[in-house]
Amino acid sequence: MPVLVYIHGFLSSPRSSKALNVEQWLQRQRPEMGYYCPFLSPYPNEVQECLESLVESLLPQPVYLMGSSMGGFWATYLVEKYNLRAVLINPAVRPFEHMPAYIGKTLKNFHTDHTYCLQPAHIDELAKADVAQITRSENYWLMVQTGDETLDYRQAVEKYRGCGQLVEPGGDHSFQNFEKWIPEAVTFLETGRWPVSENL
């Protein structure tokens, strides 16, 4: 049975709007496809272990990935390690460069009461998981909106040059109207055919 793993963003959860949109769409349109969205802490080694264990428990059946923001960073790591396909939604590029701003501060999850405190060692953990240069360009479909107020969409366009790309003007970091692209995203995951390709 094919399985879709949705990887949520930094300080987010399976209750994020995009995660819920994907889960509900699959329930209606593709009930035969399994769905997983693990709750992830912001601690990189914990996230890496969780995602690797999940993927390895699901293989060899088809495993598809969707990753939003920091989830896109982790989806990239998994694509390169396990040769999977992924849809990346406003993905984080080199997120370890932004992490010093969070060190030593109390961080609260957007959807739960969980709190966290990052330490300098977490920056090193995240940097070790970074894929500086992708090698499986045919396995990615990038979705970015130029109005992303959190991340510079141009970094993702550059990193995933040669991959399928949907670059929408305007919008924001949440990727407005994401739900309308779910059918095309799932089609790419299943077939490897890019529904839209703008190689900038």
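Brief remarks follow.
- Given (1) of a type in the set (A, V, I, L, M, F, W, C); (2) at pLDDT below 95; (3) within 23 Å of Ala19 (Cα to Cα), index of the condition Ala185 fails: (2)
- Any hit, the stretch 107-130, residues being within 29 Å of Leu166 (Cα to Cα), at pLDDT 95 or above and outside any helix (DSSP H, G or I): yes
- Every pair of residues 6+ apart whose Cβ atoms lie under 6 Å, when the first sits in the stretch 130-156 and is farther than 13 Å from His173 by Cα while the second is open to solvent by 40 Å² or more (accessible area, probe 1.4 Å): Asn139/Arg85; Trp141/Trp194
- Selected residue (only one of Val144, Val157 is touching a Phe, Trp or Tyr at 6+ places or on another chain (Cβ under 7 Å) and either surrounded by 14 or more Cβ atoms within 10 Å (Cβ to Cβ) or of a type in the set (A, V, I, L, M) (or both)): Val144
- Residues of the stretch 79-106 that turn out to be farther than 19 Å from Ser13 by Cβ and assigned to a helix (DSSP H, G or I), as a count: 9
- Among the candidates Val79, Val5, Val93, the residue that is farther than 25 Å from Asn109 by Cβ and in contact (Cβ under 8 Å) with a residue 24 or more places away in the chain is uniquely Val79.
- Exactly one residue out of Thr135, Thr76 is among the polar types (S, T, N, Q) and either buried (at least 19 other Cβ atoms within 10 Å of the Cβ) or assigned to a strand (DSSP E or B) (or both): that is Thr76.
- Residue list for the stretch 37-49, restricted to those being surrounded by fewer than 20 Cβ atoms within 10 Å (Cβ to Cβ), under 18 Å from Ser69 (Cβ atoms) and modelled with pLDDT of 95 or more: Pro38, Phe39, Tyr43, Glu46, Gln48
- Per-region count, the stretch 138-163, residues in a loop (DSSP other than H, G, I, E, B) and out of contact with any helix residue (DSSP H, G or I) (no Cβ under 7 Å at 6 or more places or on another chain): 8
- Odd one out for Gly104, checked against (1) open to solvent by less than 50 Å² (accessible area, probe 1.4 Å); (2) touching a Cys at 6+ places or on another chain (Cβ under 8 Å): (1)
The values are calculated or read from the model by the stated rules, or taken from the named source; none is laboratory data. Worth saying up front: this structure is predicted, and the values here are computed from it rather than measured. We place every Cβ from the backbone using ideal geometry, glycine too, and count neighbours over all the protein chains shown. These accessible areas exclude ligands, DNA and RNA; they are computed on the full protein's heavy atoms, side chains included. Shrake-Rupley method; radii C 1.70, N 1.55, O 1.52, S 1.80 Å.
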